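I have placed the structure first, in the form of structure tokens, so that the comments after it can refer back to it.
The values are calculated or read from the model by the stated rules, or taken from the named source; none is laboratory data. Bear in mind the structure is a predicted one, so any value in this text is a computation, not a measurement. Heads up, the Cβs are rebuilt from the backbone with ideal geometry, glycines too, and the neighbour counts pull from every protein chain shown. What goes into the accessible areas is simple: the full protein's heavy atoms, side chains included, and nothing from ligands, DNA or RNA. Shrake-Rupley method; radii C 1.70, N 1.55, O 1.52, S 1.80 Å.
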Amino acid sequence: MPKKQEEAASEEQKPTKTAQMIVDECTAELYACEVDLMARLGTMKKAAVDEWNALPESQRTTAKKREIGFAGLRQCYALEVEIDSAVQSILEKYRAQMKEIDGDLSVFDTLWKYYCEEKASTKAYYLNKYM
């Protein structure tokens, strides 16, 4: 079979994604991003605790604890910007796929809103717990 015909046959054999498949793939990628984020936050927390525990007893002051805490908070804010960008990239990738099949794009606005609400709730919890 000539190359052009092979490419055309290959295109025809590609199954078209449904809107549900696109949403499911997007959601799975967002959850994977969340898992990676939680792992990174766990590593950051461990580093802060290790820093505190490495201090001699005489240097374990409230001021030093606050210093370590605020340094971690600054790292979290930088990470938040990075993750916001990653989530937006994920949503845009799947929004483009949905647009190709003339699907409902509002689902991506809903996913962004859900992400923002979950982030706000989680931030409030951890700020209350550690600060």
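Kindly indicate whether any position in segment 40-56 is surrounded by 14 or more Cβ atoms within 10 Å (Cβ to Cβ) and either under 23 Å from THR18 (Cβ atoms) or touching an Asp or Glu at 6+ places or on another chain (Cβ under 9 Å) (or both). No, there is no match, as no residue in segment 40-56 is surrounded by 14 or more Cβ atoms within 10 Å (Cβ to Cβ) and either under 23 Å from THR18 (Cβ atoms) or touching an Asp or Glu at 6+ places or on another chain (Cβ under 9 Å) (or both).
Is it true that some residue in segment 110-120 is part of a helix (DSSP H, G or I), among the hydroxyl-bearing types (Ser, Thr, Tyr), open to solvent by 100 Å² or more (accessible area, probe 1.4 Å) and within 30 Å of THR18 (Cα to Cα)? Scanning segment 110-120, I find at least one residue that is part of a helix (DSSP H, G or I), among the hydroxyl-bearing types (Ser, Thr, Tyr), open to solvent by 100 Å² or more (accessible area, probe 1.4 Å) and within 30 Å of THR18 (Cα to Cα), so the answer is yes. Residue check: ARG74 meets all listed conditions (1) open to solvent by 90 Å² or more (accessible area, probe 1.4 Å); (2) more than 19 Å from the chain's Cα centre (by Cα) but one, namely (2).
For VAL81, indicate whether it is surrounded by 11 or more Cβ atoms within 10 Å (Cβ to Cβ), β-branched (Val, Ile, Thr) and outside any loop (DSSP other than H, G, I, E, B). Considered against the rule, which asks whether it is surrounded by 11 or more Cβ atoms within 10 Å (Cβ to Cβ), β-branched (Val, Ile, Thr) and outside any loop (DSSP other than H, G, I, E, B), VAL81 comes out as no.
THR16 passes every criterion in (1) part of a loop (DSSP other than H, G, I, E, B); (2) surrounded by 11 or more Cβ atoms within 10 Å (Cβ to Cβ); (3) not small (Gly, Ala, Ser) apart from (2). Among residues belonging to segment 84-109 that are in a helix (DSSP H, G or I) and of a type in the set (Asp, Glu), point out the one that is farthest from the chain's Cα centre (by Cα). In this case the residue turns out to be GLU100. Checking GLU29, GLU67 one by one, the residue that is modelled with pLDDT of 95 or more, surrounded by 10 or more Cβ atoms within 10 Å (Cβ to Cβ) and within 30 Å of MET131 (Cα to Cα) is GLU67 and no other. Among residues of segment 103-117 that are farther than 16 Å from GLU29 by Cα, those with a beta-carbon under 8 Å from a residue that is assigned to a helix (DSSP H, G or I) and open to solvent by 90 Å² or more (accessible area, probe 1.4 Å) at least six positions away or on a different chain give the pairs LEU105/LYS99.
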